[in-house]
1. Scan (1) surrounded by 13 or more Cβ atoms within 10 Å (Cβ to Cβ); (2) modelled with pLDDT under 95 for the single condition Ser75 breaks and write down its number.
2. Determine if the range 135-145 includes at least one residue that is touching a strand residue (DSSP E or B) at 6+ places or on another chain (Cβ under 8 Å), more than 22 Å from Val57 (Cβ to Cβ) and part of a loop (DSSP other than H, G, I, E, B).
3. Only residues in the range 91-106 that are in contact (Cβ under 8 Å) with a residue 40 or more places away in the chain count as the first member; pair them with residues that are of a type in the set (Ser, Thr, Tyr), Cβ under 7 angstrom, at least 6 apart or cross-chain, and list the lot.
4. On the given criteria, is Met116 aliphatic (A, V, I, L, M) and assigned to a helix (DSSP H, G or I)?
5. Being open to solvent by 30 Å² or more (accessible area, probe 1.4 Å), farther than 18 Å from Pro53 by Cβ and touching a residue at least 60 places away in the same chain (Cβ under 8 Å) is true for just one of Asp110, Asp67, Asp135. Which residue is that?
6. Within the range 72-80, does at least one residue satisfy the condition of being within 17 Å of Val54 (Cα to Cα), in contact (Cβ under 8 Å) with a residue 12 or more places away in the chain and not in a strand (DSSP E or B)?
7. Answer yes or no: is there a residue in the range 80-98 that is over 17 Å from the mean Cα position of the chain (by Cα), over 20 Å from Ala152 (Cβ atoms) and small (Gly, Ala, Ser).
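The values are calculated or read from the model by the stated rules, or taken from the named source; none is laboratory data. Keep in mind that this is a model prediction, so the values were computed, not measured. For neighbour counting, all protein chains shown are included, and Cβ atoms are generated from backbone atoms with ideal geometry for every residue, glycine included. These accessible areas exclude ligands, DNA and RNA; they are computed on the full protein's heavy atoms, side chains included. Shrake-Rupley method; radii C 1.70, N 1.55, O 1.52, S 1.80 Å.
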Amino acid sequence: MSRQRHSPTHAHPYRRRTALTAAVLLVPLAAACGGEKAGGEQPGSGEVRAEQPVTGVRWNVDSVTVDGAVQRAPSGAYVEIEDGKAAGNYGCNHFTAKAAVQGDRVRFSDARSTRMACEKQPMAFERTLAGTLADGTLTAEVDGATLTLGTADGDQVRLTRK
């Protein structure tokens, strides 16, 4: 009586079917679990949206709200954050700063700016924007093309993706 030996390259047909069945069942599960990142689910929608970046984007400053008073930004005010640094324009003067981004938190430090004399309105806005950005750790919420930076006291900077 001769015995057949099974080599690793010639697996038993039952084992091949089991492995194939497992692969067919597991691949869709792995694909469904791997692509999404935090950012959350829309309530009741069952839809998971990808987290939108705060860094690597030029954000035009639209307004700053401090103590409930909204100040519209002069044209040209913007902020860019990338590689641990921030740069932009307060409305007249350019600035640079260190920027630490961790999840939905942003902290600016060591800000430096040019010292050009500007009209009264942009200068008042600059002081408000600079003070708000330097007010400790800010929360960052991206909703579509809008970024809102918020202080612990409820003040906000609203920006729009360029």
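1. (1)
2. Yes: the range 135-145 contains one or more residues that are touching a strand residue (DSSP E or B) at 6+ places or on another chain (Cβ under 8 Å), more than 22 Å from Val57 (Cβ to Cβ) and part of a loop (DSSP other than H, G, I, E, B).
3. Partner pairs satisfying both residue conditions: Val101/Thr55.
4. On the way: aliphatic (A, V, I, L, M): yes; assigned to a helix (DSSP H, G or I): no.
No: the conditions fail for Met116.
5. Numbers: Asp110 fails: touching a residue at least 60 places away in the same chain (Cβ under 8 Å); Asp135 fails: touching a residue at least 60 places away in the same chain (Cβ under 8 Å).
Exactly one residue qualifies, and that residue is Asp67.
6. Initially, the range 72-80 is screened for residues within 17 Å of Val54 (Cα to Cα), giving 77-80.
Those still in the list that are in contact (Cβ under 8 Å) with a residue 12 or more places away in the chain too: 77-80.
If we keep only those that are not in a strand (DSSP E or B) too, we end up with 77.
Among the residues of the range 72-80, at least one is within 17 Å of Val54 (Cα to Cα), in contact (Cβ under 8 Å) with a residue 12 or more places away in the chain and not in a strand (DSSP E or B), which makes the answer yes.
7. Within the range 80-98, the subset over 17 Å from the mean Cα position of the chain (by Cα) is 88-97.
In the following step, the residues that additionally are over 20 Å from Ala152 (Cβ atoms) were identified as 88-96.
When the remaining residues are screened for being small (Gly, Ala, Ser), the result is 88, 91.
Checked against the condition, which is being over 17 Å from the mean Cα position of the chain (by Cα), over 20 Å from Ala152 (Cβ atoms) and small (Gly, Ala, Ser), the range 80-98 yields at least one hit.
Yes or no, residue by residue, for (1) more than 18 Å from Val70 (Cα to Cα); (2) open to solvent by less than 30 Å² (accessible area, probe 1.4 Å); (3) at pLDDT below 95; (4) among the hydrophobic types (A, V, I, L, M, F, W, C):
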site	(1), (2), (3), (4)
Ala86	yes, yes, no, yes
Met123	no, no, yes, yes
Leu149	no, yes, no, yes
Gly154	no, no, no, no
Val157	no, yes, no, yes
